[in-house]
Amino acid sequence: MQIADALQAAVVDGSLKPGDRLPPQRQLAAQLDVDLTTITRAYDEARRRNLLEGRGARGTYVAAPKVELTAILDLSMNTPPPPDDVDFDDMLKQGLSQVLMRADSELLMTYHLGGGSDSDRKAGAKWLAPMLGNLDSRQLVVCPGAQAAIAALILALTEPGDVILAEPTTYPGLRAAAIQFGRHIIAVEADKHGMMPEMLEDACRQHKPGLVYLNPTLQNPTAITMPERRRKELASIAKRCNVRIVEDDPYWLLADAPPPPIATFAPEQVCYISTLSKCLTPGLRVAFVLIRDPHERERFLVALRSFALMVTPLTAALATQWILDGSADGLMEGVRKEARLRHRMASDILAGRYSGAGDGLHVWIELPAYWNPSQLARAADSEGIAVTPAEAFATGSGSVNAIRISLGSIRDRGRLQAGLQRLSHLLARRPESFSAAVV
């Protein structure tokens, strides 16, 4: 891997150019004093990354860049990065093979209206154990993703016209669902530790909210992790004001030693959501929702069936297989390791502008005064980079001067490095100089 990484770095910085011939493998093995097998595997890895191409007896050459249908460098979508040391294709084949061997194919192709099978819910309890300890799996519902879970909770626990309290910048899917269902989002002031307790209490008394929405660990988009004391204070207020909290916690397992979830401090007040989309892969479309009250759980299922009906049984069975056989842990560890490596890259390239926590999938970048978020996003787009401006996350009328960048959606590290470097150069230039250069 070190040799492959060195080859990739040399291609990125131009030391090696398309068409350059590499040394024969035996010669390079002797130069580096490593086994020939090591060089063979390094060249294979470099070919997998589309860095090299073999030309038979003529040897191995640096490959020309592949022409892609889209040249955009996407720093806008929060998806887990592909881990280097996990063969995802093999994992997928093995997992599906195990599912098809052990499950009744008819059951995989029919309706499941109970919020997941017993096995799926038991897998969910195992997945949630690091966050919440031992759980009664009957209190869990398996959902087709966190967005569906949020929408169903809004339908089940609020009425048209109700208020939902959230932080001033928050997950855009909450706003989309609330607007669609005729609910009103009101922003509660936050500081560097997240939503402020005294402001929440005032808002609860003033607005009598139906729900409070929080994403306390590596918050999207600010990447703030709320400290334990703040979580306890918000939990106490929820109890005192008798208001439900929706704790959307997709990044907890990616964080470095995060505090316990708010749900551990106010079990009866909190509906807890954990999706596999951010730790494993979005393609599973599986999220686990903990709802302790049986009446609320039934209302939630009724609401969910009105628009999503159920999680796809085949992908739920695959998620269950991976969780129970340990594959999910291996994949998640690979994602965590890759994400941290990418954070180090972003920290090095963005220097003083990087304000991340070193883990998770995204970075919140405050802009210099001469840029505003929409303006920067348009300028980045014209240079082939997609970023997300702060306005996309605003729950109120105001918005901070920032953008969110995501580090997982560009599969190739070399392309991610190029995108970050391009963004760094753009941030250092004033809009007028950028416009002049474009003209």
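Some points to look at:
- Among the residues of region 143-166, those identified as over 19 Å from the mean Cα position of the chain (by Cα) and either of a type in the set (Ser, Thr, Tyr) or outside any helix (DSSP H, G or I) (or both) are 158, 159, 160, 161, 162, 163, 164, 165, 166.
- All positions within region 235-249 that are outside any strand (DSSP E or B), in contact with a helix residue (DSSP H, G or I) (Cβ under 6 Å, 6 or more places away or on another chain) and not β-branched (Val, Ile, Thr): 235, 241
- Among the residues making up region 368-393, those that are open to solvent by 10 Å² or more (accessible area, probe 1.4 Å) and of a type in the set (Gly, Ala, Ser) are 369, 374, 377, 382, 384, 386, 392.
- Within region 203-234, being assigned to a helix (DSSP H, G or I) and either under 26 Å from residue 296 (Cα atoms) or in contact with a Lys or Arg (Cβ under 8 Å, 6 or more places away or on another chain) (or both) holds for 203, 204, 205, 206, 207, 231, 232, 233, 234.
- Residues that are in a helix (DSSP H, G or I), among the hydrophobic types (A, V, I, L, M, F, W, C) and under 22 Å from residue 296 (Cβ atoms), drawn from region 78-137: 125, 127, 128, 131, 132
- Top-ranked residue of region 330-339 - restricted to ones that are of a type in the set (D, E, K, R) and crowded, with 17+ Cβ neighbours inside 10 Å, ranked as nearest to the chain's Cα centre (by Cα): 336
- Residue within region 235-257 that is under 24 Å from the mean Cα position of the chain (by Cα), open to solvent by less than 30 Å² (accessible area, probe 1.4 Å) and small (Gly, Ala, Ser) present: yes
- Residues of region 88-122 satisfying the condition of being within 30 Å of residue 133 (Cα to Cα) and acidic (Asp, Glu): 118, 120
- Filter result for residue 311 (at pLDDT below 95 and either over 30 Å from residue 415 (Cβ atoms) or touching a Cys at 6+ places or on another chain (Cβ under 8 Å) (or both)): yes
- For region 1-24, filtering for residues that are part of a helix (DSSP H, G or I) and more than 17 Å from residue 63 (Cα to Cα) leaves 1.
The values are calculated or read from the model by the stated rules, or taken from the named source; none is laboratory data. Being a predicted model, the structure only gives us computed values, none of them experimental. In this analysis, Cβ positions are derived from the backbone assuming ideal geometry, glycine residues included, and neighbour counts consider all displayed protein chains. Keep in mind that these areas ignore ligands, DNA and RNA; they rest on the heavy atoms of the full protein, side chains included. Shrake-Rupley method; radii C 1.70, N 1.55, O 1.52, S 1.80 Å.
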